[in-house]
């Protein structure tokens, strides 16, 4: 899906629940996933950080001073100050999804304004709890040589795991919503050619209904992905229609692309979905992380059967997924559990 993001900012985790406008199955699955996953906040960066690897973050006389500095930086969305406060270890937390990062920052700011409490675990370590339902910030505040600082490296794994887990749950829901949307699209003749077919695009070309989404002002008819796009827009994502399968900006940390054929490991064997220009043989979708190990780990595929498969493609994820043209859940792929 090609979503156009706003300008990059630093972000801290999302506790925001998006409210649906149309109660269809596809949208409900996405919303249920987001409600479950948005309960955990995650630290997320959207801009690169360049700091000496030998340095730690800014040090403070007391833990209260450290928290005050962090609060001032996030409220002002001062990326330079955040870089200094959290130190070089934060570089590994850079979030390639700039919209998500912005929402996370706003959510963390809200939680910080609701409530904050410093819990001392020892004479040299304490934890910041934020929000009306106290949530422990995974990055502890520790003391060294009489000075206090955020030990970002200590909380890095937990922060990344939370973000990746949340994104992957969301993507599985999107894959299932895609299946519902394609089935709905093919239930009617969308272009007057007397052929019931699946959409070959995610977003329709201007003035047409050749994709799963088209603007509601086209003729007043709601597109299969209309409710999903409307809710995505409330998060800050903007769907463009200049390229049906473009992946210039991620959605919830992932890129998406329609596949036009299936391979020998798929039920029914190897064949093209498109016949005489019409996609009537089936449909498929692949989703892969915008940045492997940072916004996600698993790559996901689904076809008209509705079974979502996943595989860890490793450091070659981007190259493999970008060039993928065939749905083929062979060795290495396993069913996803959401």
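Bear in mind that the values in this text are calculations on the coordinates, not laboratory data. Note that this is a predicted model, so its numbers are computed, not measured. No Cβ is skipped: glycine too gets one built from the backbone with ideal geometry, and neighbour counts run over all protein chains shown.
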Original post:
By its C-alpha gyration tensor, with a ≥ b ≥ c as the square roots of the eigenvalues, how is the range 186-329 shaped: rounded for a/c under 1.5, else prolate for a/b larger than b/c, else oblate?
Top reply: oblate
Original post:
So, in Å, what gap is there between the alpha-carbon centers of the range 56-90 and the range 194-218?
Top reply: 47
Original post:
Between residue 189 and residue 217, what is the FRET efficiency for a Förster distance of 25 Å, r being their Cβ-Cβ separation, to the nearest 0.05?
Top reply: 0.70
Original post:
Given 0.36 nm per residue, what is the gain on full extension from residue 129 to residue 333 after removing their alpha carbon distance, in nm?
Top reply: 69.5 nm
**OP:** Just check the range 228-311 against the gyration tensor rule for me: Cα atoms, a ≥ b ≥ c as the square roots of the eigenvalues, rounded for a/c under 1.5, and otherwise prolate or oblate depending on whether a/b exceeds b/c.
**Re:** oblate
Original post:
For the range 73-138, what does the alpha-carbon gyration tensor say about shape, rounded, prolate or oblate, given a ≥ b ≥ c as the root eigenvalues, a/c under 1.5 as rounded, and a/b over b/c as prolate?
Top reply: oblate
**OP:** Report the extension gain between residue 278 and residue 118 in nm, rounded to one decimal, defined as 0.36 nm multiplied by the number of residues separating them, less their alpha carbon distance.
**Re:** 51.5 nm
**OP:** Kindly state, to the nearest 0.05, the FRET efficiency for residue 157 paired with residue 322, given R0 = 30 Å and r defined as their beta-carbon distance.
**Re:** 0.60
Original post:
Between residue 65 and residue 264, what is the label-to-label distance in nm when each label sits 7 Å out along the Cα-to-Cβ direction?
Top reply: 6.9
